[in-house]
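Structure record follows, encoded as structure tokens.
None of the figures in this text is laboratory data; all of them are computed from the coordinates on show. Bear in mind the structure is a predicted one, so any value in this text is a computation, not a measurement. Neighbour counts run over all protein chains shown; Cβ positions are idealised from the backbone, glycine included.
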Amino acid sequence: MSTTQRPKLISIDAFAKTVEDARIRTTSGGIITLICVAIVLFLIRSEYLEYTTIITRPELVVDKDINKQLDIHLDISFPNLPCDMISLDLLDETGDVQLDILQSGFQKFRLIHDSNGQVTNEILDTDSQTLNNDISLYELAKGLKDGEQGECGSCYGALPQDKHQFCCNSCAAVRLAYAEKRWGFYDGSNIAQCESEGYVKRINARISTGEGCRVKGTSQINRISGTLDFAAGASFTSGGQHVHDLSLYDKHPDKFNFDHTINNLAFGSVVPEVKSTHSLDGHKTELGKKAHLFSYYLKVVATRYEYLFTKKATIDTNQFSVITHDRPLKGGKDEDHEHTFHARGGVPGVFFHFDISPLKIINREEYAKTWSGFVLGVISSIAGVLMVGTLVDRSVYAAEKVIRTKKDL
């Protein structure tokens, strides 16, 4: 290298060297050095702990699985309403109505109060289930063909029978026929089919003993916003309207209400360690009001949990936020808020209005810092502490020098 190039390189040297003989070591400098070393070790340890810490980082993406069906896990108790009087229906935004989906994945359990006040669960016998709307009225009340011999039970004026077009040979057929006419069925008293099948005796016995009901199970629904409703009496559609037969519910003014306890409500796979996937668990309502409507507005968001280690499988589930609301069917001024007026009308029951979000949250496990971030953090910690230590040492040395000078005077 030529001599003309060396001065240029020397002029840009950022690491100027000090002469060894010009260095002065002091006691205060040694103390500051020990303090700096301790601080550096502490900062390095903190950087390492942060580097090895596993965090969950959320990411919001468009849900591409919107066409897949959604699992719903439901466990709800009604302590003041017999199972025979509860129907569970699903109405979605497409206009489709699924009546009595209790028969597609859910079971009813009778809540029986014994003499000691304890409540026992007993599965409801299959002949006590609500109307099966998968069977049409015309199949259930099929009439006799011309010349065909057989029994043709009375439909009590609900269907034409002058030529045996329809025959109500079962209690369920009469109930469907009454539903088609929008007639109140009550408890089926004085209807021969219901009396002979023991329906009247059974349902009145359960009403008199004050039985409750627990609905529990898992089913699949489409990923479309809609309403899941528990209401009193048999449900049916007539004239494009979704209605319920409330005759028996209204017959006893001093009995029945929709007080309830939500034991579990979850969409998709249940993740026990994540409370947000089932935020209504344990929710209890006890108002004791007969003509009352309870509404839950759910915002359901698809959620995926991706774990750092392959030992844990990826979990696809859903979490939801909820807004609760209840109102009396008679409407009028709210008891707690004098400036709030409720609408009048409706059906007593518990309604879950769910809205399916088109977005998905991906909770991905990862280390809090990358390897390069860890190295950079360590170097920055060392350099920063040494720089501050140098400034403090110079300040202390200058102060000591001033003090010694004054003493010498």
**Prompt:** Taking a point 7 angstrom from the Cα of V62 along the C-beta vector, which residues in region 301-325 have backbone N less than 20 Å away?
**Reply:** 301-304
**Message:** I'd like the trypsin sites (Lys or Arg not before Pro) in region 42-90 restricted to DSSP loop residues with at most 14 other Cβ atoms within 10 Å, sorted by number.
**Reply:** K64, K68
**Fill in**
Counting only DSSP loop positions in region 307-377, the chymotrypsin sites (Phe, Trp or Tyr not before Pro) whose Cβ has at most 12 other Cβ atoms within 10 Å are F309
**Item:** Rg/Rh for region 329-404, where both radii come from Cα atoms and Rh is the Kirkwood radius
**Value:** 1.62
**Distance between region 204-231 and region 61-75 - C-alpha centres, whole angstrom** = 21 Å
**Request:** Could you check the simple spin-label distance between I382 and T33, using points 7 Å along Cα→Cβ, in nm with one decimal?
**Result:** 1.6 nm
**Complete:** For region 308-409 the trypsin sites (Lys or Arg not before Pro) that pass both the DSSP coil test and the at-most-13 other-Cβ-within-10 Å test are K311, K312, K330, R344
**Request:** Report the extension gain between N363 and A399 in nm, rounded to one decimal, defined as 0.36 nm multiplied by the number of residues separating them, less their alpha carbon distance.
**Result:** 7.4 nm
